[in-house]
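Asks: Quick one: this structure, given as structure tokens, is what I'll be asking you about.
Read-outs: derived from the displayed coordinates by stated rules, not from any lab. Only a predicted model underlies this, so the values are computations on that prediction, with no experimental measurement involved. For neighbour counting, all protein chains shown are included, and Cβ atoms are generated from backbone atoms with ideal geometry for every residue, glycine included.
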Amino acid sequence: MIRLLCAIAALALASTPSLAAADAFSLYQAGNYSQATAAAASSNTAAGFTLAARAALAEGMTQMPCLACLTRAEEFARKAIAMNPGIPDAHVYLAVALGYQARIVGVVRARLDTYPERAKKNLDAALAKDSKNEWALAALGGWNIEIVRGGGTVLAKWLYGASVKAGLDDFAAAFRAAPDNLVLRYQYALSLGGFDVAAYRGEVSDALMRAAGGAASTAYERFAQARARELLAVFKSGDRDEFARLVRRDQGYP
């Protein structure tokens with residue numbers, strides 16, 4: 001978040017775009033995602049398009065499944081990258097948008113349209129610019145675990161070089177970079193909860209408790225925290241079917 005704020009603050013060199021960017025981020029923080037997207041995009045800058053992608057993603061995640069939201073996020077991320085390929089978060093948002101789209105369109109179409117490869121390429125690009133980018137690290141962790149979940153250990157390794165161990169290591173690196181980020185803990189719980197909750201019961205429980213008890217400062221963080229608390233309550237109740245349903249819902253599957 002700090003990196004993105006710094007990028008947006010740089011827009012202060014131009015009077016009108018700087019005001020639009022400040023307004024856009026305030027709208028994003030408040031959860032007014034459609035307005036934030038429009039305001040950020042109106043700056044016509046790489047930083048503005050990056051924030052527009054982030055706001056469109058947040059809208060999509062709070063309205064799962066919303067393919068139109070994810071498509072907008074992808075478009076804005078691509079615009080940001082075209083203007084400045086050196087912004088790590090733009091690559092992250094593009095990869096995340098592709099990942100959520102893949103869940104909606106289905107595994108066959110996603111593989112035919114090379115969603116996994118394109119997502120991985122952008123995460124690698126983000127980490128090449130910032131090796132400690134917590135969002136890129138967590139997204140790569142989720143990518144590894146999701147690939148194994150969808151294709152099995154052998155096929156995942158053979159086709160994509162993905163593994164659960166790599167995913168766990170990526171998430172661990174993300175937590176070292178941002179130990180208090182509740183959204184990353186929530187995403188970790190979803191990844192492992194959707195993969196094998198019985199095998200990773202302790203990790204899922206710990207992640208949900210950290211997400212449920214963290215400090216939320218934006219509307220999206222409050223949304224993620226509310227979902228984490230709901231998942232934690234069901235997890236503690238022992239209702240595996242309901243927990244699986246909620247995890248699938250939160251992962252964006254139709």
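Asks: Counting Lys and Arg as +1 and Asp and Glu as -1, each charge on the Cβ, what is the dipole of the stretch 180-254 about the Cα centre in debye, to the nearest 20? Can you show the working numbers first?
Replies: Working: 11 positive and 10 negative charges, 24 e Å.
So the magnitude is around 120 debye.
Asks: Could I ask something else about it? In Å and whole numbers, how far do the C-alpha atoms of the chain stretch along each principal axis, longest first?
Replies: Dimensions of the chain along the principal axes of its Cα atoms: 55, 38, 32 Å.
Asks: May I pose another question? Who wins for biggest fluctuation among Y200, Y33, Y115 in a Gaussian network model of the chain, springs between alpha carbons below 10 Å?
Replies: Between Y200, Y33, Y115, it is Y200 that shows the largest mean-square fluctuation.
Asks: For the chain, what is the mean residue ellipticity at 222 nm derived from helices alone (per DSSP H run of n ≥ 4: -39500 (n - 2.57); sum divided by total residues; nearest 500 deg cm²/dmol)?
Replies: Working: 15 runs with 204 residues, N = 254.
Only helices count here, giving -25500 deg cm²/dmol.
Asks: Specify the angular offset, from 0 to 90 degrees and rounded to the nearest 10, of the alpha carbon long axis of helix 46-62 from the longest principal axis of the alpha carbons in the chain.
Replies: 40 degrees
Asks: Quick one: helix 88-105 against the long Cα principal axis of the chain, what's the angle to the nearest 10°, folded into 0 to 90?
Replies: Around 50 degrees separate the two axes.
Asks: Could you work out how far helix 15-30 tilts from the main Cα principal axis of the chain, as a 0 to 90 degree angle to the nearest 10?
Replies: Helix 15-30 and the main axis of the chain meet at about 30 degrees.
Asks: Each label point is 7 Å from the Cα along the Cα-to-Cβ direction; what then is the distance between the points at A68 and R248, in nm?
Replies: 2.6 nm
Asks: Calculate, axis by axis, the spread of Cα positions in the stretch 123-178 along the three principal axes, and write the results as whole Å, longest axis first.
Replies: The Cα atoms of the stretch 123-178 stretch 30, 20, 12 Å along their principal axes.
Asks: Mind putting a number on the dipole of the chain about its Cα centre? Charges go on the C-beta only, +1 for Lys and Arg and -1 for Asp and Glu, and I need it in Debye to the nearest 20. Don't skip to the answer; put the middle values down first.
Replies: Values: 28 positive and 23 negative charges, 62 e Å.
Value, rounded to 20: 300 debye.
Asks: If the viscosity is 0.890 mPa s and the temperature 25 °C, what translational diffusion coefficient in µm²/s does Stokes-Einstein give for the stretch 180-254 when Rh comes from Kirkwood over Cα pairs? Can you show the working numbers first?
Replies: On the way: Rh = 11.9 Å.
Translational D for this selection: 206 µm²/s.
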